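So the structure is just underneath, and the comments pick up after that.
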Amino acid sequence: MYKKTHLIVTVAALSALQLFAACGEQAQEETIGERVIAVNAVVVERSDQTVTRIYTGTLEGKQQTVVYSRLAEAVDEVLVAEGQQVKADQVVLTLDRYGASSQYTQAQSVFLNAEKNFNKMAFLYKEGAVSETEHDAARTEYEVNKAAFEAVAKMVEVPSPIAGVVTSMEVSPGDLVYVGQELATVATTDRLRVKFGVNSDEIESFTAGSEVNVLSDAVDGKLAGQVVAIAGSADPVTRSFEVEALFDNSSGLFRPGMFVRVEFVRERLESVVSIPRKAVLTLDGKETIFVVKEGRADKREVTLGADLSGEVVVTSGLSAGDTLVVLGQDYLDDGINVNVTSLDE
């Protein structure tokens, strides 16, 4: 009798608990169904897109030369500044003329004496007072010493080998320089080049003649150019392939020495669905988005394609005309009510 009564009580208790739990679940479902999440959304459209890669490099002149010291002397005077235009053979700086290693004063003295002697011999030869042999010997001595003095003068009065812009000046007055030290860099400005590294998985996209653009935060606008050289092997240190491109800078907009971004269009895509990358969530290891359908959140798994600048191509799971949630998706679940407070079409 006790056992039967106990069984009846137990069944009754379980029934009550199940009823209570069912009521709780129903109340919870009703609560979830009544929740409304405010979101921002956009109507998805197809569009043409470009897959663009950005590299970095420093602009150089198509012709560019580094001026080196040929003497171990102190810098006497710097005659030009960085960014200044110079002519070919224009003196850009001078070294100490009276230093121990310059031999400037000695070479100058010997040259001036040879010049004086030659002028005297030329006058006497014209008057018939000396022979042609004596005249020619004086002229040879003069020309040899003139060339020697000019060579010494170029080591002291350092010229620019080419016409262009001084892109760097590495020394200041009073600096003691050594033989072979870099003093300055001069580059042409009408034609510029840039070299940049490309990873092995992208190098096959480049060919001679490929179009690239350069941009800089310091300049409004960009230059269009073409790839002219591609390294046949990777750099052993960086493991990247060096690519060189040339640009017409006749406008003078850019200057050698500028740090620039190199823009390369790797692929052009026609009529694709692309969405903001921030609209995609990773849930349970799957790329997921939410669209608005009949006032409720519709959770969808998507397949992503090319990565664009701030956007990504969707190859499946989303169609043109769908209303995509772009803000507030972190708070959504499948089937929850949504209120679209901002809709871009």
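Every number here is computed from the coordinates shown, using simple stated rules; none is lab data. Every value quoted in this text rests on a predicted model; they were computed, and no experiment measured them. In this analysis, Cβ positions are derived from the backbone assuming ideal geometry, glycine residues included, and neighbour counts consider all displayed protein chains.
Principal axis extents of the C-alpha atoms in the stretch 79-143 (largest first, rounded to whole Å): 57, 29, 13. Placing +1 on each Lys and Arg Cβ and -1 on each Asp and Glu Cβ, with no other charges, gives the stretch 64-186 a dipole about its Cα centre of roughly 220 debye.
Here the translational diffusion coefficient of the stretch 108-171 follows from Stokes-Einstein with Rh set to the Kirkwood radius across Cα pairs; for 4 °C and 1.567 mPa s it amounts to 93 µm²/s.
Each of Y98, A297, V326 was scored by the projection of its Cα onto the charge dipole of the chain, and the greatest displacement toward the positive side belongs to A297; charges sit on the C-beta of Lys, Arg, Asp and Glu. Counted residue by residue at 0.36 nm each, then reduced by the alpha carbon distance between them, the extension gain from L283 to A151 reaches 40.0 nm. Backbone geometry of the stretch 177-191 corresponds, through the Karplus equation with coefficients 6.51, -1.76 and 1.60 at θ = phi - 60°, to 3J(HN,Hα) couplings of 9, 10, 5, x, 6, 6, 9, 7, 10, 10, 9, 6, 10, 6, 10 Hz, x marking Gly and Pro. Working note: Debye formula, equal point scatterers on the alpha-carbon atoms of the stretch 197-345, no solvent; log10 I(q)/I(0) at q = 0.12 Å⁻¹ is -0.73. Round to the nearest 10 and give me the degree value, 0 to 90, for the angle of helix 104-127's Cα axis relative to the longest principal axis of the chain. So the inclination is approximately 40 degrees.
Proximity of backbone amide H atoms, modeled 1.01 Å from N, is registered between I336 and A297 at under 5 Å, excluding neighbours fewer than 5 places apart on the same chain. In the neighborhood of V43, defined by Cβ-to-Cβ distances under 12 Å, what is the net charge if each Lys or Arg adds +1 and each Asp or Glu adds -1? Net charge around V43: -3. Close amide H pairs (under 5 Å, H built 1.01 Å from N) link Q84 with V166, residues at least 5 positions away or on another chain. Among the chymotrypsin sites (Phe, Trp or Tyr not before Pro) within the stretch 142-245, those in coil by DSSP and having at most 14 neighbouring Cβ atoms inside 10 Å are Y178. For K293, the residues whose modelled amide H falls within less than 5 Å of its own, excluding neighbours fewer than 5 places apart on the same chain, are D298.
The stretch between S342 and T303 holds 11.4 nm of extra length on full extension. This uses 0.36 nm per residue minus the Cα-Cα distance. Value of Rg to Rh for the stretch 64-186, rounded to two decimals, is 1.15; Kirkwood radius and Rg both from alpha-carbon coordinates. Only the Cβ atoms of Lys and Arg (+1) and of Asp and Glu (-1) were treated as charged; on that basis the dipole of the chain about its Cα centre amounts to roughly 460 debye. Here the stretch 155-232 has an Rg and Dmax of 18.0, 51 Å, counting Cα atoms alone. The value obtained for the stretch 213-295, namely the Cα convex hull volume divided by the number of residues, is 240 Å³ per residue.
Against the main long axis of the alpha-carbon atoms of the chain, helix 2-34 sits at an angle near 50°.
When the alpha carbon gyration tensor of the chain is reduced to an equivalent ellipsoid, its three semi-axes come out at 84, 22, 17 angstrom, largest first. Here the stretch 233-280 is described by how far its Cα atoms reach on the three principal axes: 41, 37, 22 Å, from widest to narrowest.
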